[in-house]
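Notes follow the structure.
The values are calculated or read from the model by the stated rules, or taken from the named source; none is laboratory data. Remember, it's a predicted structure, so these values are computed and weren't measured experimentally. Cβ atoms come from the backbone with ideal geometry, glycine included; neighbour counts cover every protein chain shown. Just so you know, the surface numbers come from the protein's heavy atoms only, side chains and all, with ligands and any DNA or RNA stripped out. Shrake-Rupley method; radii C 1.70, N 1.55, O 1.52, S 1.80 Å.
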Amino acid sequence: MVYDVVVVGGGLIGLATTVELLRSHPGLHVANIEKEGSHGTHQSGHNSGVIHSGIYYRPGTLRARLCVEGRAALLRYCEERGIAYRLTGKLIVAVDEAELPRLRALYERGRANGVEGLQWLEAAAIAEHEPHCTGRAAIWSGGTGSIDFADVVRSFALEARARGADLFLSRKVTGIRRYGGVTTLDSPLGILRTRAIITCAGLQADALARKAGGSREPEIVPFRGDYLTLAPERADLVRGHIYPVPDPAFPFLGVHFTRRVDGSVWLGPNAVLAFAREGYCITDVSLADLWHTVSSRGFRMLARRHWKTGLDELVRDVARSQFVAALRRYIPELRDGDCRPGPSGVRAQAIAPDGTLLDDLVLEAAEGAFHLRNAASPGATSCLGIARHLVGVAERAFELKAHIPKLHAALDRRRSFTHMETFVEVPWLLAHQNDSRVRIIDARSAPHGGHDSSAKSGGEQYAAGHIPGAVHLDYADHLADPATPHAVRAAPAERFAQMLSEHGIGDEHTIVAYDDGTVPYAARLVWMCRYYGHDDVHVLAGGLPAWRASGGATTADVPSFPQATFTTRTRPHLRASRDEVLSVALGQNDAQLLETQRDATYAQRDRDIPNAKRLSASFLLEDARGGRLAPAERIRAAVDALGLDRSKRTIVSCGSGVGASGAYLALLADGFSDVAVYDGSWMEWTHHGLPTVPKAEAVNASRA
């Protein structure tokens, strides 16, 4: 199966983006993947829980606009979902004359950003909000509050699942490859395929973007922030939030007092270089992460300019008295004994090559992908605003608005046959086999037709079992036209749709076809379904053998499709007539003809259709594991060796009329946009005495 969009990152922004995609485009097939065993493990679960109002950020930046919009959206979401939060308000305090000009500039910045409820307070008014706090002047921001963002993460995950998203945990992305309009995400637990990806990877943002071919910079430098907590009996020292006037040279807000939604008070954090991207203790060290940081030219430039500030932060990190002294500037009553060790967090800070700490969103676009390279604080507060912005970018970049909502395939493949997904993997079917929206069809071939395995020779393969819930559609009875046995012609028609209807299979369903692991019969069903207009249909990779190998249950019998008669043809662009093939053979048509023969069948022939390219089907259709197309590189090499033109109409023929369907899927996967099947096959061609030429050697794709 191929997804429409895969969002990489299971934190607040990644999950919010997943939800927003499905709110805006309910029919999309969306997945979210997270490398950890639970959502929100890192920045989303290691923060102070502050709901920011938007006062700090440069007017006109995305950061400023999305904070104000995101805060409003977050509060509405919490009201709708019953998530607890508290608007306790915040003081930003200047404690000496030197800080007053910066405080005044901050006040004007907040007003420019549209932050509501801002007040300028002189020294005497500070105690009205925080009785134990002292300073020369302050800004009161009544819209600042507290929340446990872990509650928001859980709610996003529940909503994403309810809207139809597939959520994958413990799936670390180890590689990203794009070919033929489809991106493949590798992981130790298997692959996912998607037409588009959005990465919201936080601490791993730069590493993941580089896996997808993105630029080296901006790079992520991890900064650890350690908190103290106020002893419960001294929690009355702080009513809400007390912040210093920030240093404009840094995107950090300085050590502050935070009353959390549960009533506890956190103090801090400081900001020191983390020795591991996911290291929450001073003793957590990753040599690879540390080397990446110190070898970064941006970090070296930063360290050269601000080494003294960094040293001061490090001293505060190891000497609690220094930490408390910085806090005591705002609450003189605070004592060392009032403070307890608290939690830590690691901030993903993007840094430019010149050492600038980037303070706005940074997006990087590529074919079929874009990467959120920097989501500066307040990313948690802004998560819904950022998600809406990302979905807006996705709508333009991926043309999401052109998608027609369907359950498992939002892309209207009736209009575009260029980038079809062919296979679903066994784990997907194991997870969805009881989904009422999925229909499973056994498309194996029975030598003598009919479903009753005891009434035909060669029926032992059916007695061996079927996937539970499957129905049986036999090649001889249902996929071939009984009126033309010499041609072994496939026959999609009005009766074929009636067969699907009689088993309750409609356009809203995903069809998964399987066979004995050799591809052609299931591939024929895929071609027929698409030929008739049912496009959400796929082959189970590896067929029944792969299902059994993965521990999938089997049942002794399955219901059969009714016998079919075939009369009416549809979707002519997917099927080539004998007259069209003849015009190509005589050089009167610019289309190209590809004959695909299994080696044994090809060896029995001494003639070919004129002007046909010849390819050994056994290397085009089967990977070494069975039941799959050959690896993309091998198909591409074979196509290039034959000199086939991807821009031309390509007609595929086959000796038995079955393998051509597999070749049809292989060529689509390789980027061919106009592929038809001459399902009358070489057998019908010779039966009617049409022109032939002496047999040529077929291209063996394994040697191409």
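Per-structure values
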| read-out | value |
| --- | --- |
| Region 546-554 - phi-based ³J(HN,Hα) in whole Hz, Karplus 6.51/-1.76/1.60, Gly and Pro as x | 5, 4, 5, 4, 8, x, x, 6, 10 |
| With DNA, RNA and ligands ignored, accessible area of TRP120 (1.4 Å probe; Å², nearest 10) | 60 |
| Charge context of ALA375, other residues only, Cβ under 10 angstrom, K/R +1, D/E -1 | +1 |
| Accessible area in square angstrom per residue, region 345-386, 1.4 angstrom probe | 25 |
| Relative contact order of region 204-280, defined on C-alpha pairs under 8 angstrom at six or more residues apart (%) | 34 |
| Net charge of Cβ neighbours under 15 Å - reference GLN433; Lys, Arg +1; Asp, Glu -1 | -1 |
| Surface/4 estimate of mean projected area, convex hull on alpha-carbon atoms of region 54-100, nm² | 4.5 |
| Ranked by how many other beta carbons lie within 10 Å on average, peptides 192-204, 236-248 from highest | 192-204, 236-248 |
| Rounded to whole Hz, the Karplus (6.51, -1.76, 1.60) HN-Hα couplings of region 19-25, x for glycine and proline | 5, 5, 4, 7, 5, 7, 9 |
| Net length gained if the chain between ALA553 and ARG23 were fully extended (0.36 nm per residue, minus Cα distance) | 187.2 nm |
| Portion, in percent, of the accessible area of region 166-278 that falls on carbon or sulfur, probe 1.4 Å | 54 |
| For region 1-139, the fraction of alpha-carbon pairs in successive 10 Å shells from zero, as % | 10, 28, 31, 18, 10, 3, 0 |
| For region 54-121 versus region 316-335, the gap between their alpha-carbon centres in whole angstrom | 25 |
| Distance from region 214-289 to region 342-392 (C-alpha centre basis), Å | 17 |
| Computed over region 238-346: relative contact order in percent, which uses C-alpha pairs under 8 Å that are six or more apart | 20 |
| Full-extension gain in nm, ALA72 to GLN119, via 0.36 nm per residue minus C-alpha separation | 15.0 nm |
| Charge sum, other residues only, whose C-beta stays under 9 Å from ARG259's C-beta, Lys/Arg counted +1 and Asp/Glu -1 | +3 |
| Relative contact order (percent, whole number), region 242-284, Cα cutoff 8 Å, 6+ residue spacing | 24 |
| Length released on extending from ARG305 to ALA431, taking residue separation times 0.36 nm less the Cα-Cα span | 40.0 nm |
